[in-house]
Amino acid sequence: MATLIRSKLSNKLSNAATAVSNKSQAKVSGMFARMGFQAATDDEALGFAACDDLDYDHRQGMQMDILSSDEIGGEGSGDGGATEGDSHYQRDGTGPPHSASKDGGSTSQLSEDRPRITAWEAGWNVTNAIQGMFVLGLPYAILHGGYLGLFLIIFAAVVCCYTGKILIACLYEEDEDGQLVRVRDSYVDIANACCAPRFPSLGGHVVNVAQIIELVMTCILYVVVSGNLMYNSFPNMPISQKSWAIIATAALLPCAFLKNLKAVSKFSLLCTMAHFVINILVIAYCLSRARDWAWEKVKFYIDVKKFPISIGIIVFSYTSQIFLPSLEGNMQKPSEFHCMMNWTHIAACILKGLFALVAYLTWADETKEVITDNLPPTIRAVVNLFLVAKALLSYPLPFFAAVEVLEKTFFQDSGRAYFPDCYGGDGRLKSWGLTLRCVLVVFTLLMAIYVPHFALLMGLTGSLTGAGLCFLLPSLFHLKLLWRKLLWHQVFFDVAIFVIGGICSVSGFIHSMEGLIEAFKYNIEE
């Protein structure tokens, strides 16, 4: 009898220990998932990181606040290792295994315990991605496009909403029972599937290159806008725009030491809310001058030389496709994804259109590349200081994401890397790895110094990577993977978007490059 009792107690204790272990593993996995560090691949995590600027910004800030210290500390005696080890979670594989739990369970059990986001939270992420501080360049697009520029803001919203939906459709395939099953996890997976079997990794390389270009250009834009805003806020000071850019970059050098985004994620929500307040202040000032609005200046004409640049500016302001697969995969109800995309892009279209039109009507032909430079000196100084703070705090996000992609591609690719690992056996950054990061920061400074034109750089980025990731690739992938199941009007839309996107991309790229080359020559001569 005693033996039987001891046996039952032993079984219960063993089951309890196993349950606690599984629960603890699920919590740790969920914690890392919430912070954007997935154990499966870098692609999903980097998908969130590469969402222009504000998606990763808000996502990190909001989700980090959810993790209270009590929850982290309650994981047992190994809490210190959990919080410290997350900075090397993807680099040296110190996180929990992705394929199975300790008792041999599948990943589905862990994924069920992983925190999911609601459609409203997903919509907030998308809104932040497409309502970033780069909307400050939209009135300049109206200056060179008139009513056609307003139409393009609406058109870009419709197209980006559609391509976001078809990109998610490429993640699914039908099983034997006709049910849709998610067989891919990221933009890179979709690209690789389209290039298989001849070139199974070519598509992923193309997407990664586009992603790196967009991230680095975003960093450059932050330096440019910081120098521009400070120079126009204090025009009487004997400091040039280039000098302000150098000062801003000096403040950004600590980014080279970043191991994770905990240090900056706390400010993300505050920065986002501050940006919305700034937009409201600009609109309020414009409304106060409604009697002087120059409606006659808005015409059905285009500046043939500069309007293609405006196309890139508008497209760049809608870029969010790179992180949508990860976002949809983390939703509680993926079926609500289409509805979420509809209302977020409708809201973005209305707000962007009103902001661009109202600002242009107020200043007409005097509209500058960054609209806050048109404000009166007293208001301009306050607003611009907030924007500079936001730009500097947002810089680490695309910088860190670009570093992650570069390190994975060239230094950590499972024996196929071109260079040795940047990290030592203890997970610490090597000196030459730190040097490479510093070189990347200095490169963004040099580009900002020699090409200090916000609109040109934004137009170039939008034409090159924005149009590619938002227009060309989604429509091409949709036709390649699902062409047998598409209706004729879907095929027509995909082909039309591909053609229009290609024309806009090529024309915008050519005109932006012409302007950048002229600006570069001018600065070299100086």
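The values are calculated or read from the model by the stated rules, or taken from the named source; none is laboratory data. These numbers were taken from a predicted model, which means no experiment stands behind them. Reconstructed Cβ throughout: ideal geometry from the backbone, glycine too, with neighbour counts over all protein chains shown. SASA here: full protein model, heavy atoms, side chains in, ligands and nucleic acids out. Shrake-Rupley method; radii C 1.70, N 1.55, O 1.52, S 1.80 Å.
The figures follow:
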{"item": "Filter result (of a type in the set (D, E, K, R) and closer than 22 Å to Phe337 by Cβ) within segment 131-176", "result": "Lys165, Glu173, Glu174, Asp175"}
{"item": "Pick from segment 261-284, criterion over 20 Å from the mean Cα position of the chain (by Cα) and open to solvent by 50 Å² or more (accessible area, probe 1.4 Å), ranking: modelled with the lowest pLDDT", "result": "Val277"}
{"item": "Qualifying residue in segment 188-204 (condition: open to solvent by 60 Å² or more (accessible area, probe 1.4 Å), modelled with pLDDT under 90, under 15 Å from Val405 (Cβ atoms) and in a helix (DSSP H, G or I))", "result": "no"}
{"item": "Among (1) modelled with pLDDT under 90; (2) surrounded by fewer than 18 Cβ atoms within 10 Å (Cβ to Cβ) - the single one Tyr172 does not satisfy", "result": "(1)"}
{"item": "Conditions (1) over 18 Å from Thr218 (Cα atoms); (2) in contact with a Phe, Trp or Tyr (Cβ under 8 Å, 6 or more places away or on another chain): number failed by Glu369", "result": "(1)"}
{"item": "Selection within segment 395-443 - over 15 Å from Leu252 (Cβ atoms), in contact with an Asp or Glu (Cβ under 6 Å, 6 or more places away or on another chain) and at pLDDT 70 or above", "result": "Lys408"}
{"item": "Counted residues, segment 220-242 - those being within 23 Å of the chain's Cα centre (by Cα) and among the aromatic types (Phe, Trp, Tyr)", "result": "1"}
{"item": "Leading residue by the ranking (nearest to the chain's Cα centre (by Cα)) among those in segment 468-526 that are open to solvent by less than 100 Å² (accessible area, probe 1.4 Å) and of a type in the set (Asp, Glu)", "result": "Asp494"}
{"item": "Index of the failed condition, Tyr222 passing every other in (1) crowded, with 20+ Cβ neighbours inside 10 Å; (2) farther than 26 Å from Ala251 by Cβ", "result": "(2)"}
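Conditions tested, residue by residue: (1) part of a helix (DSSP H, G or I); (2) open to solvent by less than 10 Å² (accessible area, probe 1.4 Å).
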| residue | (1), (2) |
| --- | --- |
| Phe300 | no, no |
| Val304 | no, no |
| Cys339 | yes, no |
| Ala348 | yes, yes |
| Trp363 | yes, no |
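Conditions tested, residue by residue: (1) open to solvent by 10 Å² or more (accessible area, probe 1.4 Å); (2) part of a helix (DSSP H, G or I).
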{"site": "Asn232", "(1), (2)": "yes, yes"}
{"site": "Pro235", "(1), (2)": "yes, no"}
{"site": "Ala245", "(1), (2)": "no, yes"}
{"site": "Lys259", "(1), (2)": "yes, no"}
